[in-house]
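> Got a structure for you, questions after.
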Amino acid sequence: GGRVFVIAQAPQSKRPGRLRQAKECTPSEIRSPLDELAFGDPAMGRNIQAMRRTQSRDVPILLVGESGTGKECFARALHASSERAERPFVAVHCASLPEAQLTQELFGLTETCTAPANGLANGAADDPGRILQANGGTLFLDDVGELPLGLQGRLLHLIEEREVLRPGEQPLRVDVRLVTATRCGLQEKVLRGEFREDLFYRLQGLALTLPPLRERKDKEALIRQVFAQESAASPSVCLSDELMDALQAYAWPGNLRELRNVLRGMIAMRSDDRLDVRALPQECVVPEPECNGEPPPGCALNPLQKAERIALQREIERHHGNISRVAHQLGIGRNTLYRKMRRLGITLPTRH
């Protein structure tokens, strides 16, 4: 569960006084923060490859994905991997603020502006705003689809003219890389007149979809990575095989955010350092298949599958329905075994 950092040094030649030529790393061989997000999922691999090709170019990025899929984490990794890494990364969540406060958050206040009566200015005589704070770096706008129409026009001006307009001041030049994120398709909002079409096309210079956790092919590796992060202060804590299978079987509607919170809670509430399925919250437990009998209607099996079904049924009966023991005996995970059972139409008898 820990991490090891090493430095590779070219080995000495067998001939005294000579060193072998150290191999220089090509750009494709150098690992970046983006590469730290790759655990084997093909969709994420394509996203990371696309980012590596455009990380030094000024192309607006639109990240699309369900809530909790790690859009801000992806944007931070892109920033840390780019030439702007030493400059600020500024994130603004557009759905969490009313329009007046969001305007101040993005564009700030000038000395010529009168502080609002509701105290949004917090007493600041001159607030540069988040856009100017991100100058030279990356500006990340989450839930950009919730941006009010009035602010959409000002954002479009920022993208096209590279300047910020503030009341009572000359336009201020700004150099920011814009990364936006949305949970839903912006095209639907465009059709409903809730989002400017010209802004939509300017934002999606490169549109990437982050897959939900339930669809990721690297789910096990990702769960272990998040667990390692959450248990860093308690390195002796570990997950049982049964618990790992249960974590993989759950659909995770809240995606990585829900996974992180569940793992954090189990670690905090543990009674010993080996976590098992008893530590899993009840709402995250996937019920085992029930009932028994012949394959359900519509489950057509060829002769080989029928033989496999009979053999698997006998193995399940031999272990009295203990799926963990059956999976261990077959050398596969519980999740894999459940998929095989569903494919072959095998169900367990109801337990009273």
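> Which pairs break 23 Å Cα to Cα here: 219/306; 71/189; 71/219; 189/217?
In this structure, 219/306; 189/217 exceed 23 Å between Cα atoms.
> Can you give the convex hull volume per residue for the Cα atoms of segment 125-238, as a whole number of Å³?
Here the figure is 169 Å³ per residue.
> Here is a further query. What are the GluC sites (Glu not before Pro) within segment 156-195 that DSSP puts in a loop, where the Cβ has at most 15 other Cβ atoms within 10 Å?
Answer in residue order: 169, 194.
> If you roll a 1.4 Å probe over the heavy atoms of the protein chains, what accessible area per residue do you get for segment 126-274, in Å²?
In whole numbers, segment 126-274 has 47 Å² accessible per residue.
> Could you order peptides 201-214, 138-151 by the average number of other Cβ atoms within 10 Å of their residues, highest first?
The peptides rank, most packed first, as 138-151, 201-214.
> Under a crude label model (7 Å from the Cα following the beta-carbon direction), how far is residue 264 from residue 214 in nanometres?
For the pair residue 264/residue 214, the computed spacing is 2.3 nm.
The values are calculated or read from the model by the stated rules, or taken from the named source; none is laboratory data. Nothing here was measured: the structure is a model prediction, and the numbers come from that model. Cβ coordinates were reconstructed from backbone atoms using ideal geometry, including for glycine residues, and neighbour counts include every protein chain displayed. The area values use the complete protein model at the heavy-atom level, side chains included, leaving out ligands, DNA and RNA. Shrake-Rupley method; radii C 1.70, N 1.55, O 1.52, S 1.80 Å.
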